[in-house]
Amino acid sequence: MLNAKEAFCLKEQDIVRKNKMPLITFKFNIPTIPKNSPPISQAFIKALKDFLQFLGKINDNFTIIEQSENVLGPYALILIKFNSKLLKKKAIKFENEHKIGRLFDIDIMDELGRVLNRTKKRKCFLCDNPAIICMRLNKHSQNEVRSFFDEKIKSYLE
Ligand SMILES: [Zn+2]
């Protein structure tokens, strides 16, 4: 049995194989459950709009081939003809500069179906440590992380 993440990755690879161009997966990094709620959906639509506007400045020749939600939350799959490494850099810049960028999870898959990794470790939601450290050390309670996430979403919608 595949878990939801693995199944999603296979789906992404299938799209890349059929279209032979890089694929962007735009979604939120949602701590704990539920992975969706009316505010999350609303914020997702708003954030996606911001992202597409940003993308349009890089190359407006892109296609949203799917916008939906699954057990991991809402997502959009976008095909774009662009250098994948450069695209990854731009996506990280967008995350760093956006009001709720730390909540985003923008994955880039190159035209061969390989996921590009970030060179710098992702920062934790709550503190400036790398997220992986806080996760390993259980530094923040699940409730604490989730409240922070929900607060950010709320203030973004105000
Ligand atoms: Zn932390």
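The values are calculated or read from the model by the stated rules, or taken from the named source; none is laboratory data. Please read these numbers as outputs of a predicted model, since none were measured by experiment. Cβ sites come from the backbone with ideal geometry, for glycine too, and all protein chains shown count toward neighbours.
Return the pairs, sorted by first residue and then second, in which the second residue is basic (Lys, Arg) and loosely packed, with under 13 Cβ neighbours inside 10 Å, the first residue lies in segment 54-76 and is in contact (Cβ under 8 Å) with a residue 24 or more places away in the chain, the beta carbons are less than 8 Å apart, and the residues are 6+ apart or on different chains.
Between residues of segment 54-76 that are in contact (Cβ under 8 Å) with a residue 24 or more places away in the chain and residues that are basic (Lys, Arg) and loosely packed, with under 13 Cβ neighbours inside 10 Å, the close pairs are Leu72/Lys5.
Cβ-Cβ distance below 7 Å, separation of 6 or more or different chains: which pairs start in segment 110-132 with a residue that is more than 14 Å from Val145 (Cα to Cα) and end on one that is part of a strand (DSSP E or B) and not hydroxyl-bearing (Ser, Thr, Tyr)?
So the pair list comes out as Val115/Asp107; Val115/Met109; Leu116/Ile108; Lys121/Pro130; Arg122/Pro130; Pro130/Lys123.
If Lys5 satisfies every condition in (1) surrounded by fewer than 19 Cβ atoms within 10 Å (Cβ to Cβ); (2) more than 24 Å from Ala131 (Cβ to Cβ) but one, which is the exception?
(2)
Test each condition in (1) at pLDDT below 90; (2) away from the ligand (no atom under 16 Å from the Cβ); (3) touching a Pro at 6+ places or on another chain (Cβ under 7 Å) for Asp60 and report the one that comes out false.
The number of the failed condition is (3).
Out of the residues in segment 9-25 that are over 17 Å from Asn61 (Cα atoms) and under 15 Å from the mean Cα position of the chain (by Cα), state the one that is surrounded by the most Cβ atoms within 10 Å (Cβ to Cβ).
Selected residue: Glu12.
Checking the conditions here, which among Leu79, Leu86 is over 13 Å from the mean Cα position of the chain (by Cα), within 30 Å of Asn19 (Cβ to Cβ) and in a strand (DSSP E or B)?
Exactly one residue qualifies, and that residue is Leu79.
Which condition from (1) away from the ligand (no atom under 16 Å from the Cβ); (2) among the aromatic types (Phe, Trp, Tyr); (3) modelled with pLDDT under 95; (4) touching a Phe, Trp or Tyr at 6+ places or on another chain (Cβ under 6 Å) is the one that Phe94 breaks?
Single failed check for Phe94: (3).
Would you mind finding the one in Phe54, Phe44, Phe62 that is among the aromatic types (Phe, Trp, Tyr), in contact with a helix residue (DSSP H, G or I) (Cβ under 7 Å, 6 or more places away or on another chain) and surrounded by 17 or more Cβ atoms within 10 Å (Cβ to Cβ)?
Matching residue, one of Phe54, Phe44, Phe62: Phe62.
What number of residues within segment 24-41 are among the hydrophobic types (A, V, I, L, M, F, W, C), more than 15 Å from Asp107 (Cα to Cα) and either touching a helix residue (DSSP H, G or I) at 6+ places or on another chain (Cβ under 6 Å) or in a helix (DSSP H, G or I) (or both)?
Number of matching residues: 1.
When only residues in segment 26-41 that are of a type outside the set (A, V, I, L, M, F, W, C) and surrounded by 12 or more Cβ atoms within 10 Å (Cβ to Cβ) count, which is nearest to Lys152 (Cα to Cα)?
Filtering first and then ranking leaves Pro39.
Acidic (Asp, Glu), over 17 Å from Met109 (Cα atoms) and more than 14 Å from the chain's Cα centre (by Cα): is that true of Asp50 in this structure?
no
Would you tally the residues in segment 109-154 being within 25 Å of Ala76 (Cα to Cα), of a type outside the set (Val, Ile, Thr), within 14 Å of the ligand (Cβ to nearest atom) and outside any loop (DSSP other than H, G, I, E, B)?
6
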